[in-house]
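The block underneath contains the structure these notes are about, expressed in structure tokens.
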Amino acid sequence: MENRWILWKTALAVSLLTLVPNIHAQSKGSVSTRVLAYFEQIGRAQRLEDYLKHTRPKPVSLAVKGKAIANLPPNAEVQPSEKGRAKLAALATILEFHDRSGIIDLKVIGDKQYVFIGLYEQCALIITEKALDLLSKEELQAVVAHELAHELFWDEYRLAREGNQDDKVQEIELRCDGIAICTLVRLGLNPKPLISAVQKTTPNSQDTWGTHYYAPRNERLSFARRMINRAKQADLNILASGKNR
């Protein structure tokens, strides 16, 4: 069982192309400092919706999607409970905001041992039963907003993973946290469930499989809190400027 899921995680862990492609080389300091600078540059240049529109890749073709879905393990998908279906229904607003309604499928995998949510081949969100049970509706929305943000950095992330550039991978993961926070704020949703989702799903130790792809837990949580404050302030500024027009 464990070996099977290690293979799954290796294949699917795109989870858990850029406007400023040289930000990593130009900026110094911690990963979180670089990512905060990244969002400051975006904020000075354009609104979030415009950034997403110009950065988001085209959806994969139906042929590519069909082939990718066919490669998923047979009989792995299960029907969620009524409570689980209600949580999944709450993801519609996140998918719509990222222009992925009807494009990215939701797949619940019948595994109650591992917590996993990942964007698979830009065509499906893979959610284990364990993750669906563990996370609240609001936390699930926050994590899925993070996963959808991975499309913005898809090739950059893949190359960083293949090149064992853990520092770069951590940076991109924090960018996805930042996009998730901005998404929730712009939708009028509470972004703090991203913090509680990280606390639930991320171990304190960096020795666990896959944790080297993320900034240390305390740094990630600190970044999220700072990003929430900045995103809320930026949103207020946008609303205020709109009223003055």
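List of remarks:
- Distance between the modelled labels on residue 71 and residue 232, one decimal in nanometres: 4.3 nm (7 Å Cα→Cβ projection).
- Principal axis extents of the Cα atoms in the stretch 114-180, from largest to smallest and rounded to whole angstrom, are 34, 21, 20.
- As a rough footprinting exposure proxy, the listed residues 108, 35 were ranked by other beta carbons within 10 Å of their own, and the order from fewest upward is 108, 35.
- Cβ-Cβ FRET estimate between residue 63 and residue 159, R0 fixed at 22 Å, reported to 0.05: 0.35
- The ranking of 175, 217, 225 by Cβ neighbour count inside 10 Å, starting from the fewest, reads 225, 217, 175.
- Segment residue 103-residue 199, extension gain: residue separation times 0.36 nm, minus the distance between their alpha carbons: 31.6 nm
- Where Rh is the Kirkwood radius over Cα pairs, Rg/Rh for the stretch 43-139: 1.01
- Proximal charge balance of residue 95 [Cβ under 13 Å; K/R count +1, D/E count -1]: -3
- The residues packed around residue 79, meaning those with a beta-carbon under 12 Å from its beta-carbon, carry a net charge of -1 if Lys and Arg are +1 and Asp and Glu are -1.
- Panel order for 72, 119, by other beta carbons found within 10 Å of each beta carbon, from fewest to most: 72, 119.
- On full extension, the segment bounded by residue 53 and residue 187 gains 46.6 nm, given 0.36 nm per residue less the C-alpha separation.
- The relative contact order of the stretch 133-185, computed from alpha carbon pairs under 8 Å that lie at least 6 residues apart in sequence, is 50 percent.
- Straight-line cross-link partners of residue 200 among the lysines, defined as a Cα under 29 Å from its Cα and at least 8 positions apart when in the same chain: 9, 83, 87, 107, 112, 130, 137, 168, 192, 232.
- The simple spin-label model puts a point 7 Å past each Cα toward its Cβ; for residue 113 and residue 85 those points are separated by 2.9 nm.
Every read-out reported here was derived from the displayed coordinates using simple, explicitly stated rules and does not represent laboratory data. What you see is a predicted model; the values in this text were computed from it and never measured. All Cβ positions, even for glycine, are placed from backbone atoms using ideal geometry, and neighbour counts span all protein chains on display.
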